[in-house]
There are 2 protein chains.
Amino acid sequence: MLSEYKKYAIIVAGGKGERMQTAQPKQFINIGGKPLLMHTLMAFSRFDINLEIILVLPDGQIKNWGQICKKYHFNVRHQVIAGGPERFHSVKSGIKLVETESLVAVHDGVRPLLSLDLIKRVFEAAAKYGAAVPCIEVRESLREINGVSSIPVDRHVLRLIQTPQCFRSDMLIDAYNISYQPKFTDDATVVENAGHKIHLVEGDPLNIKVTLPMDLVIAESLISKG
Amino acid sequence: MLSEYKKYAIIVAGGKGERMQTAQPKQFINIGGKPLLMHTLMAFSRFDINLEIILVLPDGQIKNWGQICKKYHFNVRHQVIAGGPERFHSVKSGIKLVETESLVAVHDGVRPLLSLDLIKRVFEAAAKYGAAVPCIEVRESLREINGVSSIPVDRHVLRLIQTPQCFRSDMLIDAYNISYQPKFTDDATVVENAGHKIHLVEGDPLNIKVTLPMDLVIAESLISKG
């Protein structure tokens, strides 16, 4: 039962703004009246006021974030901890603040458009199966490249993976008790590496990752429509 | 040399509006002040005023399109021809109007945001290599599903395929002289099936395919910013 568990969200925001071509890291850019990252934290807070939010930021941005929160009178309760060089290290940092016997959703800070339904789906599936990962269908044709040549790939057997990825804390803590490997592209691959099974749940095409300048325009328009 | 060739664009707009949950087929929905499909045709016309545009529509929509063009005083020169049950049949219809010794770009009508640079890239590559297909990197993790289980897939060797896909007319006409097979998901797979090599060129993340209601909001915002 979902209600028996203490719940956490580890929100990873390691961006330094390089792909965004802006002075500000993308997680602090204003969309729909407030910094992107605030939308993300508010979504989790709306889902469950008692959920513990752990925000992982680059060490050099923690002070800046504090000032931004003050400026916006941002009152969503959360802890902040410094991350590391790769996303893997940042999640590992966040896990230090997690108590056992809980459920932990790990989420990309730059996905501000996640819905309450999506958060609910991943927590419920994690309570039942241990490890729940949202995914969506691929809507375009795909090819596999090999040097200068390429071959078509059947998109119907593939899924695009999103976050939040949600896990029983024992599973997640145990899986992250390892050194970084380049094959760890998300939390699912880390947990899987420790021998656990991943349960896929339905993601949401609206739950976009804001990484390119065009994504800011998109996120802004979707937030104002939502 | 690109300038030696007569140039065509076959624009395929077969949508019946089912996924869009609207009364109107998606290609006729108004974005940024005019029907989506007009943006698409205008992009090709801006690239080269002498380019021949062949618009393939479902038989039942041709009259409607004519009325819409009149209403909007739409003056981009183009021919209209009726399509068939699958995209394959619609392209095959359009090809009937193509002269040999030319270059033919085949494009999804519901990608209204294609840039002049992208059109130029595919025509130039087709003049040089015979068959040019735009692609972009996959920005999210991928998994391959197999019943209830799934395994991670390396996204770095995969590319999302877009249109316009551009071909020397002899290659395209020859390749489409065949019956429909379900593996024909785009023009590249048809041309490849006839033994030709596909040259990949750089696509554009902005060149989105408008298929879901959220895509209309996105396209509208990108067009107004553009």
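The values are calculated or read from the model by the stated rules, or taken from the named source; none is laboratory data. Only a predicted model underlies this, so the values are computations on that prediction, with no experimental measurement involved. Reconstructed Cβ throughout: ideal geometry from the backbone, glycine too, with neighbour counts over all protein chains shown. We work out accessible area using only protein heavy atoms, side chains counted, and drop any ligands, DNA or RNA first. Shrake-Rupley method; radii C 1.70, N 1.55, O 1.52, S 1.80 Å.
Show the residues, 5+ positions off or on another chain, whose built amide H is closer than 5 Å to the amide H of B:GLY83.
Distant-sequence amide H within range of B:GLY83: B:LEU57, B:ASP59.
Mind giving me the nanometre distance, one decimal, between the label points for B:ALA82 and A:LYS34, set 7 Å out from Cα along Cα→Cβ?
5.6 nm
Which whole number of Å³ per residue matches the convex hull of the alpha-carbon atoms in chain B?
Cα-based convex hull of chain B, divided per residue, equals 141 Å³.
If the elastic network links every pair of Cα atoms under 10 Å, which of A:VAL190, A:VAL12, A:VAL153 fluctuates the most in the Gaussian network model of chain A?
A:VAL153
What do you reckon, how do B:LYS7, A:LYS209 stack up by accessible area (1.4 Å probe), largest on top?
Working: B:LYS7 25, A:LYS209 70 Å².
If we order B:LYS7, A:LYS209 from most to least accessible, we get A:LYS209, B:LYS7.
Quickly estimate the mean residue ellipticity at 222 nm for chain A, helices only: each DSSP H run with n ≥ 4 gives -39500 (n - 2.57), and the total goes over all residues, rounded to 500.
Value at 222 nm, helices only, nearest 500: -9500 deg cm²/dmol.
Taking a quarter of the surface of the convex hull around the Cα atoms of the stretch B:76-154, what do you get in nm²?
Averaged projected hull area, Cα only: 8.8 nm².
What does DSSP give for chain A in terms of the percent of beta bridges that are antiparallel, rounded to the nearest 5?
Taking every DSSP beta bridge within chain A, about 45 percent pair in antiparallel fashion.
Can you list the residues of the stretch A:134-170 whose accessible area drops by at least 50 Å² going from the chain on its own to the full set of protein chains, with a 1.4 Å probe?
Residues passing the criterion (a loss of at least 50 Å², heavy atoms only) are A:ARG139, A:GLU140, A:SER141, A:LEU142, A:ARG143, A:ILE145, A:VAL157, A:LEU158, A:ARG159, A:LEU160, A:ILE161.
Count charges around A:SER221 for me, please; just the other residues with Cβ under 15 Å from its Cβ, Lys/Arg as +1, Asp/Glu as -1. Working shown, then result.
Values: positive: A:LYS225, B:LYS225; negative: A:ASP215, A:GLU220, B:ASP215, B:GLU220.
Value of the local net charge: -2.
Given a Förster radius of 25 Å and the C-beta distance between A:ASP48 and B:VAL148 as r, what FRET efficiency does 1/(1 + (r/R0)^6) yield to the nearest 0.05?
Rounded to the nearest 0.05, the efficiency is 0.35.
Note down the net charge around B:VAL122, summing +1 for each Lys or Arg and -1 for each Asp or Glu among other residues with Cβ under 14 Å from its Cβ.
Combined, the nearby Lys, Arg, Asp and Glu give -2.
With chain B rotated onto chain A, spot the residue of B whose Cβ lies nearest the axis and note the distance in whole Å.
B:SER221, 2
What percent of all Cα-Cα pairs in the protein assembly as shown falls in each 10 Å bin, counting up from 0?
That works out to 4, 19, 27, 23, 16, 9, 2, 0, in percent per bin.
Using the heavy atoms of the protein chains alone and a 1.4 angstrom probe, what is the accessible area of the stretch A:96-154 per residue in square angstrom?
Accessible area per residue, the stretch A:96-154: 43 Å².
Among the helices of chain A (complete DSSP H runs), which have Cα atoms covering no less than 15 Å along the helix axis and a Kyte-Doolittle mean of at least 0.5? Please report the intermediate quantities before stating the final value.
Numbers: long enough: A:36-47 (18 Å, 1.12); A:116-129 (19 Å, 0.28); A:213-225 (19 Å, 0.80).
Membrane-span-like by this rule: A:36-47, A:213-225.
Tell me the distances, shortest first, between B:LYS34 and the same position across the other copies, using label points 7 Å along Cα→Cβ, in nm to one decimal.
4.0
Quick one: net charge around B:GLU101, please, counting Lys, Arg +1 and Asp, Glu -1 for every other residue with C-beta under 12 Å from its C-beta. Present the calculation step by step, with values, prior to reporting the outcome.
Values: positive: B:LYS6, B:LYS7, B:ARG168; negative: B:GLU4, B:GLU99, B:ASP170.
Around B:GLU101, the charge tally is 0.
From the label point of B:ASN193, set 7 Å from Cα along Cα→Cβ, how far away are the matching label points in the other copies, in nm, ordered shortest to longest?
Distances to the matching label points in the other copies: 4.2 nm.
So how far apart, in nm, are the two label points at B:LYS128 and A:LYS96 if each is 7 Å from Cα heading toward Cβ?
Output for this residue pair reads 5.1 nm.
What Kirkwood Rh does the stretch A:166-226 have if only Cα atoms enter the pairwise 1/r average? Answer in Å.
14.2 Å
Listed here are the pairs B:LYS92/B:LYS225; B:LYS63/B:LYS96; B:LYS34/B:LYS183; B:LYS92/B:LYS120; A:LYS120/A:LYS197; which of them are more than 31 Å apart at the Cα?
Table pairs above 31 Å Cα-Cα are B:LYS92/B:LYS225; B:LYS34/B:LYS183.
DSSP loop trypsin sites (Lys or Arg not before Pro) in the stretch B:70-134 with at most 13 other Cβ atoms within 10 Å of their Cβ, which ones? Don't skip to the end; give the middle numbers.
Working: sites: B:LYS70, B:LYS71, B:ARG77, B:ARG87, B:LYS92, B:LYS96, B:LYS120, B:ARG121, B:LYS128; in loops: B:ARG77, B:LYS96.
Here the sparse-neighbourhood loop sites are B:ARG77, B:LYS96.
Given charges of +1 on the Cβ of Lys and Arg and -1 on the Cβ of Asp and Glu, with all other atoms neutral, how large is the dipole of chain A about its Cα centre, in debye to the nearest 20?
Charge dipole, chain A, about its Cα centre: 620 debye, nearest 20.
Put a label point 7 Å from Cα along the Cβ direction on A:TYR72, then list its distances to the equivalent points in the other copies in nm, shortest first.
Nearest to farthest, the other copies are at 3.7 nm.
Loop by DSSP (not H, G, I, E, B), at most 16 other beta-carbon atoms within 10 Å: where is the longest site-free stretch of chain A for GluC sites (Glu not before Pro)? Before the final figure, lay out the partial values.
Numbers: sites that count: A:GLU18, A:GLU86, A:GLU99, A:GLU101.
The longest such stretch corresponds to A:102-226.
Taking Cα pairs under 8 Å and at least six residues apart, what relative contact order does the stretch B:97-208 come out at, in percent?
Relative contact order, the stretch B:97-208: 39 percent.
For the protein assembly as shown, give the share of DSSP beta bridges that are antiparallel, in percent and rounded to the nearest 5; count only bridges with both residues there.
Of those bridges, close to 50 percent are antiparallel.
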